[in-house]
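Single-structure report; data block below.
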Ligand SMILES: Nc1ncnc2c1ncn2[C@@H]1O[C@H](COP(=O)(O)OP(=O)(O)O)[C@@H](O)[C@H]1O
Ligand SMILES: [Mg+2]
């Protein structure tokens, strides 16, 4: 063991002492959190644990009350949200938030063009632009619905469109906030396959209530309760953790 | 909007409208010829307003100040400094760009109703300034430009035909500029901001910067209409800075169809003639009614809400002609 020098690589995302208070409520309370590049990390915890608030601070939607956020070695605590997206952090909303009155194609086009107009990707020909939109839609299985109005899609399809928009940004960190909420079992199976595929190219932060999905996808799990991290470990470790069972699961997870 | 929209058909339609207006020069009777020149300039005002209200979703109640900035920027330099049209017209545009940039930086800190009120208050300040500096502006009475101040090289704007073509030229430039903007990536971002600003921000767009650009572009286009109005028709006064001239472009855009490229022109045309004709009819048949044009406007709005809730072209697009930009 001693012969091997540990490779000390800074994690892709590194959070220290992150807090957010709403009045007297400590929604997130002094969280330390690291995610190495390439990992699929799940964040679980009961409703109101502070998960959405926590990732909201990472992507820049919610300003922290205290603490620091480092992404890829740089302090991004004060970086505006739109610049974090360009830096590679993409967020898909817990409450579906597609552009309901625009076509499915235009929804994805907005994500694709962000990388190319004034972004790093350079200008695209109309043909290449359309091809990228088609590819992003094909990945989530919505290719044949490009012309439909997004608001007319079934709920599950709107969630998938939301994911397609995140993917079209080619993020380095993709944050998915309860992506399977409201999906059918078949759609959930498809979603698991999709995240496995994405996991090869990007780091994923997955907030999820559906334990089979978490167990199928997560390499590591962080458990939050009342604004704090109460446990962190591999799925097997978390499953056996008494505190977690008491605070959140109520019963052994493998039930 | 989408890459699949038929590009050729859209361009052809806009060219046809410009061609029709060109033909108007030769077929319109003198009265309507004069009216049409005015409508084209006012339609430019409406197109500028539409960019911010229709496409970006920001309801301003202060666009009279941008129109007036262009009008006074051109008119005052021509009247007091003896600037030629070639210098006074750009002066009006620069004045409009400066005013809209300054106002945007302050007003865009607010949204919704607050934005409406803030823009209205600023426009009211603008109006009062035109009265306060009455020594130079002659307030409500206004100023009339000498014929010599309305010459651009060989073009004499006191001549109706020249005036008509000048109005048409500005109209065509702004129409195709609007078309280019709303079909460009920038236009798509403006629509996205209108539909869901928070989502747009989380796709990586600096929504404040985009709204700022939209406001300045909108204000500058409206200023070009104001500058053209002063130079083509040779008169400018405080009336054009009143709140009525902030409401009118909103009305024209609502009637013609918000977020349609041709709606502002259609709305301006429809409302201008509606008020004109109904005033005639009412005065002739019911001389003792003494109805103001506001009555006509009210009736028109009720009918519009009932039968064309998205304006003439907006409803047309929704029901039948989906490819309309
Ligand atoms: N904008 C807000 N204002 C006040 N309280 C909030 C706000 N957002 C979240 N909260 C509160 O913070 C706590 C954490 O919420 P949230 O982060 O949404 O939890 P989770 O996503 O884990 O369900 C909850 O008690 C919630 O009511
Ligand atoms: Mg949540």
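Residues in region B:138-168 that are within 23 Å of the chain's Cα centre (by Cα) and assigned to a helix (DSSP H, G or I): 10 in all.
Residue A:47 falls short on exactly one of the conditions (1) more than 14 Å from chain B (Cβ to nearest Cβ); (2) assigned to a loop (DSSP other than H, G, I, E, B); (3) within 15 Å of ligand 2 (Cβ to nearest atom); (4) within 17 Å of residue A:175 (Cα to Cα), and that condition is (4).
In the set (1) surrounded by 15 or more Cβ atoms within 10 Å (Cβ to Cβ); (2) in contact with a helix residue (DSSP H, G or I) (Cβ under 6 Å, 6 or more places away or on another chain), the condition left unmet by residue B:176 is number (2).
Results for (1) without any contact (Cβ under 8 Å) to a residue 60 or more places away in the chain; (2) within 14 Å of chain A (Cβ to nearest Cβ); (3) assigned to a helix (DSSP H, G or I), shown as yes or no for each residue.
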| site | (1), (2), (3) |
| --- | --- |
| B:214 | no, no, yes |
| B:218 | no, no, yes |
| B:227 | no, no, yes |
| B:232 | no, no, yes |
| B:245 | no, no, yes |
| B:250 | no, no, yes |
| B:261 | no, no, no |
| B:266 | yes, no, yes |
| B:275 | yes, no, yes |
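Taking the conditions (1) within 16 Å of ligand 1 (Cβ to nearest atom); (2) more than 30 Å from residue A:246 (Cα to Cα); (3) at pLDDT 95 or above in turn, residue A:97 satisfies each one other than (3).
Selection of region A:35-47 for residues being over 23 Å from residue A:196 (Cβ atoms) and either free of Cβ contacts under 8 Å to residues at least 40 places away in the same chain or crowded, with 20+ Cβ neighbours inside 10 Å (or both) yields A:45, A:47. Here residue A:73 clears all of (1) over 18 Å from the mean Cα position of the chain (by Cα); (2) modelled with pLDDT of 95 or more except the condition numbered (2). Beta carbons closer than 9 Å, at least 6 apart along the sequence or on distinct chains, pair a first residue in region B:97-113 that is within 14 Å of residue B:58 (Cβ to Cβ) with a second that is exposed (fewer than 13 other Cβ atoms within 10 Å of the Cβ) for B:107/B:114.
So for region A:102-114 (the condition being in contact with a strand residue (DSSP E or B) (Cβ under 8 Å, 6 or more places away or on another chain) and at the interface with chain B (Cβ under 8 Å from one of its Cβ atoms)), does at least one residue qualify? Taking every residue of region A:102-114 in turn, at least one turns out to be in contact with a strand residue (DSSP E or B) (Cβ under 8 Å, 6 or more places away or on another chain) and at the interface with chain B (Cβ under 8 Å from one of its Cβ atoms).
Taking region A:115-136 as the range and being at pLDDT 90 or above and more than 9 Å from chain B (Cβ to nearest Cβ) as the test, the residues that pass are A:131, A:132, A:134, A:135, A:136.
Against the numbered list (1) away from chain B (no Cβ under 14 Å); (2) closer than 18 Å to residue A:94 by Cα; (3) more than 16 Å from ligand 1 (Cβ to nearest atom); (4) surrounded by fewer than 21 Cβ atoms within 10 Å (Cβ to Cβ), residue A:139 comes up short only at (2). Against the conditions (1) away from ligand 2 (no atom under 16 Å from the Cβ); (2) closer than 12 Å to residue B:202 by Cβ; (3) assigned to a loop (DSSP other than H, G, I, E, B), residue A:84 satisfies every one except (3).
Here is a yes/no grid of residues against (1) under 26 Å from residue A:211 (Cα atoms); (2) in contact (Cβ under 8 Å) with a residue 24 or more places away in the chain; (3) within 12 Å of ligand 1 (Cβ to nearest atom):
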| position | (1), (2), (3) |
| --- | --- |
| A:16 | no, yes, no |
| A:28 | yes, yes, yes |
| A:52 | yes, yes, yes |
| A:61 | no, yes, yes |
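Selection of region A:87-111 for residues being over 15 Å from the mean Cα position of the chain (by Cα) and in a loop (DSSP other than H, G, I, E, B) yields A:98, A:99, A:100, A:101, A:102. Kindly indicate the residue of region A:214-227 that is within 16 Å of ligand 2 (Cβ to nearest atom) and out of contact with any helix residue (DSSP H, G or I) (no Cβ under 6 Å at 6 or more places or on another chain) and also farthest from residue A:54 (Cα to Cα) among those meeting that condition. Within region A:214-227, the match that is farthest from residue A:54 (Cα to Cα) is A:214. All conditions but one from (1) more than 10 Å from chain B (Cβ to nearest Cβ); (2) surrounded by 17 or more Cβ atoms within 10 Å (Cβ to Cβ); (3) more than 11 Å from ligand 1 (Cβ to nearest atom); (4) part of a loop (DSSP other than H, G, I, E, B) apply to residue A:78; the one that does not is (2).
Would you mind stating whether residue B:220 is under 30 Å from residue B:306 (Cβ atoms) and in contact with a helix residue (DSSP H, G or I) (Cβ under 6 Å, 6 or more places away or on another chain)?
Values: under 30 Å from residue B:306 (Cβ atoms): no; in contact with a helix residue (DSSP H, G or I) (Cβ under 6 Å, 6 or more places away or on another chain): yes.
So residue B:220 fails the test.
Considering only residues that are touching a helix residue (DSSP H, G or I) at 6+ places or on another chain (Cβ under 7 Å) and within 14 Å of chain B (Cβ to nearest Cβ), look in region A:50-70 and name the one that is surrounded by the most Cβ atoms within 10 Å (Cβ to Cβ). Spell out how you get there, then give the answer.
Keep residues of region A:50-70 that are touching a helix residue (DSSP H, G or I) at 6+ places or on another chain (Cβ under 7 Å), which gives A:59-62, A:64, A:69.
Right, trim to within 14 Å of chain B (Cβ to nearest Cβ) and you get A:59-62.
Numbers: A:59: 21, A:60: 24, A:61: 17, A:62: 18.
It comes out as A:60.
Being within 14 Å of chain B (Cβ to nearest Cβ), within 15 Å of the chain's Cα centre (by Cα), closer than 25 Å to residue A:85 by Cα and away from ligand 2 (no atom under 16 Å from the Cβ) is a property that does not hold for residue A:199. Yes or no: residue A:206 within 16 Å of ligand 2 (Cβ to nearest atom) and modelled with pLDDT of 90 or more? Yes; evaluated as a whole, the condition is true for this residue.
The values are calculated or read from the model by the stated rules, or taken from the named source; none is laboratory data. Note that the structure is predicted; figures quoted are calculated from it, not measured. All Cβ positions, even for glycine, are placed from backbone atoms using ideal geometry, and neighbour counts span all protein chains on display.
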